[in-house]
Amino acid sequence: MKKTSLILLAMPSIHAGAWRYPGAHPGFQTDFEQMKGFAQTLERACFDGLFLPDTLAIRAAPMEALMRGHSVATLDPLTLLPALAAVTQNLGLIATASTTYNEPYILARRLASLDRLSGGRAGWNLVTSSNSNEAANFGLSEHMEHGARYHRAREFCAVMDGLWESWDEDAFCRDAQTGQYFEPSKMQVLNHHGEHFSVRGPLNVERPIQTRPVIVQAGASEAGRQIAAETAEVIFTYQTDLPSALVFYADMQKRAQVAGRSQALKIIPAVFVVLGDSLEQAQAKRRQLDELVDEASCLATLSIALGHDIAHYDPAGPLPDIPDSNASKSGRDRVVQLAKTENLSILDLARRICGYQGLEMVGTANSVADQMQHWLEQGAADGFNIMFSHLPGGATEFAEQVVPELQARGLLRTQYEGRSFRENLGLSKPERGYSRI
Ligand SMILES: Cc1cc2nc3c(=O)[nH]c(=O)nc-3n(C[C@H](O)[C@H](O)[C@H](O)COP(=O)(O)O)c2cc1C
């Protein structure tokens, strides 16, 4: 069936040169007034939601690279999003939280609170923590093994569901006449005893307005895709080209069907958008952003991506043959392939890797809208998670130029359909309840 409307989400810019771009606010992500303006711009433009990524440690990286990164220190999403809920009315608010370094009770409580105080706008990006340096902040000498992390995540999810079902919707009668505050038969004690968690419950927050927050997942591995298909409603992905995005889309829907899900998953690739009045101007802007990435820091980042120190090669020369290493193989192959396909020098390659390497739409408002429409109509995506060239300017340009174009094509709402995030995404009530693991 041909899809007719796009889901639009946005996240802070991750391009390493974004904070230095002329007109960008260098400390955007940690400045409340800036984040408030950003959320309000997105809401005026009828975006579905704002997504905040998160990690629980500064990555171990050479100081030369680390000291130049604008995402090194941010605000806790579950502190920032409730504040943004108070200054918006319709925007979905997606917090990233790890199942590896959290306990379900406290996270269920915080997300239920965000959902209630925002009028049903909470989302949870369930991550198992891709940053291995988080372990050292939680008394562990090693990061939990990948499969074990997903095993824990599965039980974590079940406990969260159980806790969010602690109260029936109408459990709180608050009858001042009789003095009865709630109806005991409408409270469920969980009594979960599993491999990783023992949680009695019930949760001491009322049932979330959306029954449970919208669950988002971005697992790319076999285990990651599987848990996403079984538990998530929205899938984030880093698909970079249409053919592989089509395969991924079909694979995820198939897995969801096999898992007994009756509702299609919403598949949302991340995209870096750079706008100009002409294609040439947008491309020049993209080059300018890449040039703002410091040379020493991007060479260090390229060495990490390749699993091989390239410091002693001529940065202006081509990438030599890189020996195999114990670092990520698929990541290394992608980088080597990029250098070959585009015939890049070591320095240009390093700038690309360190800047942003993923799906990008660089062009005019019209051409960006064309590409988004094409991906939607081909069935490769249900929408996009947008990173702007710089902030706040990149978001304002998108809202003023691309959004009216999408609206004129009937691809984006001109006003919100409902109040809750779930309604605006076109998701029905959660299908799944607590099931013991
Ligand atoms: C758009 C997007 C955003 C992500 N945000 C985070 C994040 O904030 N924190 C995190 O630890 N991982 C994040 N990830 C990584 C995923 O959670 C996941 O670890 C990664 O896709 C690798 O999949 P795998 O763990 O199944 O191998 C993100 C991935 C995508 C595609």
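A few comments on the model shown:
- For region 265-303, taking the residues that are under 23 Å from the mean Cα position of the chain (by Cα) and open to solvent by 30 Å² or more (accessible area, probe 1.4 Å), the one that is farthest from the ligand (Cβ to nearest atom) is identified as 301.
- Test result for residue 39, more than 13 Å from the ligand (Cβ to nearest atom) and either without any contact (Cβ under 8 Å) to a residue 60 or more places away in the chain or surrounded by 21 or more Cβ atoms within 10 Å (Cβ to Cβ) (or both): yes
- In region 236-250, the residue that is nearest to residue 226 (Cα to Cα) out of those that are open to solvent by 40 Å² or more (accessible area, probe 1.4 Å) and part of a helix (DSSP H, G or I) is 250.
- Put simply, of 207, 154 the only residue that is touching a strand residue (DSSP E or B) at 6+ places or on another chain (Cβ under 6 Å) and farther than 23 Å from residue 60 by Cβ is 207.
- Selection status of residue 229, without any contact (Cβ under 8 Å) to a residue 40 or more places away in the chain and in contact with a Leu (Cβ under 9 Å, 6 or more places away or on another chain): yes
- Residue within region 173-192 that is under 25 Å from residue 233 (Cβ atoms) and either in contact (Cβ under 8 Å) with a residue 40 or more places away in the chain or of a type in the set (Ser, Thr, Tyr) (or both) present: yes
- Given (1) within 16 Å of the ligand (Cβ to nearest atom); (2) in a loop (DSSP other than H, G, I, E, B); (3) open to solvent by 10 Å² or more (accessible area, probe 1.4 Å); (4) not hydrophobic (A, V, I, L, M, F, W, C), number of the condition residue 22 does not satisfy: (1)
- Of note, residue 220 satisfies the criterion of being within 16 Å of the ligand (Cβ to nearest atom), under 25 Å from residue 50 (Cβ atoms) and assigned to a loop (DSSP other than H, G, I, E, B).
- Residue within region 193-215 that is more than 27 Å from the chain's Cα centre (by Cα), assigned to a loop (DSSP other than H, G, I, E, B), farther than 22 Å from residue 113 by Cβ and more than 13 Å from the ligand (Cβ to nearest atom) present: yes
- The conditions of being under 18 Å from the mean Cα position of the chain (by Cα), at pLDDT below 95 and not in a strand (DSSP E or B) are not met by residue 5.
The values are calculated or read from the model by the stated rules, or taken from the named source; none is laboratory data. Just so you know, these numbers come straight off a predicted model, no measurement behind them. All Cβ positions, glycine included, derive from the backbone under ideal geometry; neighbour counts span all protein chains shown. With ligands, DNA and RNA removed, areas are computed over all heavy atoms of the protein, side chains included. Shrake-Rupley method; radii C 1.70, N 1.55, O 1.52, S 1.80 Å.
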